[in-house]
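Trainee: Before anything else, here's the structure in question.
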Amino acid sequence: MHVGFRGLASLIMPWFYDPRRTYEDNYALGPFGGFGDVAAARPDGPPRESFAGEAVYSAFGIPAGPLVNAAFCAAAFRAGFDVNVYKTVRTRTHPVHPFPHTLAVHVDGDLTPERAARPLLADDALDEATSISNSFGVPSRDPDAWQADMAAAVAAAGPGQLLVGSFQGTRPDADAGDRDGAYLADHVAAARLVRETGARALELNLSCPNEGTGALLCFDTPAVTRIVAAVKEEIGDLPLYVKLAHFRDDAALAGLVRATAPYVAGYAAINTIPARLVDADGRQALPGEGRAVAGVCGDAIRWAGLDMVERLARLREDVSSAFEIVGVGGVLTADHARAYRAVGADAVMSATGAMLDPGLGAAVRGSTAPVA
Ligand SMILES: Cc1cc2nc3c(=O)[nH]c(=O)nc-3n(C[C@H](O)[C@H](O)[C@H](O)COP(=O)(O)O)c2cc1C
């Protein structure tokens with residue numbers, strides 16, 4: 001069924017990735033809420049925007065995470081999200097954290113660093129949620145399984161649409177010999193495996209809050225520079241984007257951008273903001289070791305995404321570079337997407353917002369391009 005963007009939201013329900021179901025159930029049975037059954041009308045005329053050197057109908061889509069496999073990616077493209085990122089993969093099988101992963105997080109206003117330093121109430125009141133946790137641990141299947149599936153996701157992009165392949169390195173065991181060398185080599189191997197799928201743009205996740213919040217890779221400029229240089233050498237002309245957390249320190253962000261701009265096509269910001277999540281009794285909300293702190297996304301982090309985009313746009317002028325900026329964080333409406341573009345984003349993506357309103361892609365398209 002083909003529908004215009006105004007009709008789309010009424011035909012598909014929230015939560016195409018259903019947080020009430022396990023990750024494995026979502027992977028095997030999703031997408032949910034009718035997301036796979038409805039097609040947005042294709043905009044009239046040729047694609048008028050561009051991203052990663054490709055013409056796209058709208059430089060808007062879903063970032064790494066909710067699109068866990070090709071079935072989800074295909075549904076997102078059909079629903080009018082034009083630039084979509086396949087959930088981050090690794091060079092080997094990696095288990096998912098214990099269920100649940102996504103809880104409603106109760107934040108009154110912006111999740112500032114000061115607010116994030118105190119515990120936040122998190123529960124299963126997902127019907128009213130606009131901010132949520134995502135604590136999956138970046139699960140991955142073996143490349144033998146995900147490479148073919150990512151290739152199918154690449155093929156699912158229609159004219160004026162683009163699939164981006166997201167990947168990250170896995171830290172070697174503590175007793176491994178040359179740990180830094182092995183970690184770098186794992187990034188390069190992951191990039192090669194993604195390139196082999198036919199993906200025309202790659203994104204390196206440097207900001208996974210579930211990999212140890214004290215030491216996000218994006219805050220280690222020397223290590224990141226070595227890694228992106230080696231990855232870029234591996235993938236040649238393919239555009240490489242790197243996904244960043246919110247930086248509090250301007251000098252650190254400037255240092256990272258100066259060191260890495262020669263290798264990257266752009267920066268995506270932000271990932272999530274880490275915070276301590278507790279239940280109504282003050283106990284750890286998510287089960288299992290290492291999960292007292294989890295990434296928060298959605299409405300409460302929009303301020304941080306906008307702040308990073310604005311600062312990256314200033315740095316782009318300072319370093320006279322032409323890198324692209326992908327604005328991510330708290331985009332729940334087409335107006336929010338426009339706000340990101342206004343402060344310098346070349347593309348905008350929405351994870352939580354798209355899950356809450358699967359018609360968002362078509363709405364953003366409809367706000368920038370004539371719909372047939
Ligand atoms: C269910 C879910 C899974 C996610 N998984 C990943 C991931 O695998 N890799 C990644 O770089 N970001 C991941 N993210 C973070 C999103 O890409 C995005 O940066 C973050 O959610 C902020 O955007 P939002 O406020 O629109 O949700 C995930 C987010 C959600 C909601």
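The values are calculated or read from the model by the stated rules, or taken from the named source; none is laboratory data. What you see is a predicted model; the values in this text were computed from it and never measured. All Cβ positions, glycine included, derive from the backbone under ideal geometry; neighbour counts span all protein chains shown. Note: accessible area is taken over every heavy atom of the protein model, side chains too, but ligands, DNA and RNA are not part of it. Shrake-Rupley method; radii C 1.70, N 1.55, O 1.52, S 1.80 Å.
Trainee: Quick check: anything in segment 154-170 at positive phi and of a type in the set (A, V, I, L, M)?
Mentor: Among the residues of segment 154-170, not one is at positive phi and of a type in the set (A, V, I, L, M), which makes the answer no.
Trainee: Please find, within segment 151-180, the residue that is least open to solvent (accessible area, probe 1.4 Å) out of those that are among the hydrophobic types (A, V, I, L, M, F, W, C) and in a helix (DSSP H, G or I).
Mentor: Taking segment 151-180 first, the residues among the hydrophobic types (A, V, I, L, M, F, W, C) are 151-157, 162-164, 167, 174, 176.
Restricting the remaining residues to those that are in a helix (DSSP H, G or I) gives 151-156.
Working: A151: 39, A152: 49, A153: 0, V154: 23, A155: 81, A156: 36 Å².
Checked segment 151-180; the qualifying residue least open to solvent (accessible area, probe 1.4 Å) is A153.
Trainee: Also, I was wondering about something else. Looking at (1) within 16 Å of the ligand (Cβ to nearest atom); (2) more than 27 Å from V194 (Cβ to Cβ); (3) over 20 Å from the mean Cα position of the chain (by Cα), can you tell me which one D25 breaks?
Mentor: (2)
Trainee: Follow-up question, since we're still on this one. Give V326, V348, V331, V296 a once-over and let me know the one that is within 16 Å of the chain's Cα centre (by Cα), within 15 Å of the ligand (Cβ to nearest atom) and without any contact (Cβ under 8 Å) to a residue 40 or more places away in the chain. Reasoning before the result, please.
Mentor: On the way: V326 fails: without any contact (Cβ under 8 Å) to a residue 40 or more places away in the chain; V348 fails: without any contact (Cβ under 8 Å) to a residue 40 or more places away in the chain; V296 fails: without any contact (Cβ under 8 Å) to a residue 40 or more places away in the chain.
Step by step, each of V326, V348, V331, V296 is checked, and only V331 is within 16 Å of the chain's Cα centre (by Cα), within 15 Å of the ligand (Cβ to nearest atom) and without any contact (Cβ under 8 Å) to a residue 40 or more places away in the chain.
Trainee: Can you tell me which residue is surrounded by the fewest Cβ atoms within 10 Å (Cβ to Cβ) among those in segment 47-85 that are aliphatic (A, V, I, L, M), farther than 16 Å from S350 by Cβ and away from the ligand (no atom under 16 Å from the Cβ)?
Mentor: A55
Trainee: Same structure again: Could you tell me whether segment 326-333 includes any residue that is among the aliphatic types (A, V, I, L, M), open to solvent by 20 Å² or more (accessible area, probe 1.4 Å) and touching a helix residue (DSSP H, G or I) at 6+ places or on another chain (Cβ under 6 Å)?
Mentor: Within segment 326-333, one or more residues are among the aliphatic types (A, V, I, L, M), open to solvent by 20 Å² or more (accessible area, probe 1.4 Å) and touching a helix residue (DSSP H, G or I) at 6+ places or on another chain (Cβ under 6 Å).
Trainee: Of the conditions (1) open to solvent by less than 10 Å² (accessible area, probe 1.4 Å); (2) within 16 Å of the ligand (Cβ to nearest atom); (3) among the aromatic types (F, W, Y), F99 satisfies every one except a single condition; which number is it?
Mentor: For F99, the exception is condition (1).
Trainee: Still on this structure, please answer the following. Only strands (runs of 3 or more DSSP E) wholly contained in segment 59-150 count here; list those with 2 or more residues that are touching a helix residue (DSSP H, G or I) at 6+ places or on another chain (Cβ under 9 Å) and in contact (Cβ under 8 Å) with a residue 12 or more places away in the chain.
Mentor: 83-89, 104-106, 131-134
Trainee: Something else now. Just to be sure I understand, how many residues within segment 291-310 are open to solvent by 20 Å² or more (accessible area, probe 1.4 Å) and within 21 Å of D250 (Cβ to Cβ)?
Mentor: Residues flagged as open to solvent by 20 Å² or more (accessible area, probe 1.4 Å) and within 21 Å of D250 (Cβ to Cβ) within segment 291-310 amount to 5.
Trainee: Quick check on my filter: what residues within segment 294-347 are under 30 Å from V96 (Cβ atoms) and of a type in the set (V, I, T)?
Mentor: V296, I301, V326, V328, V331
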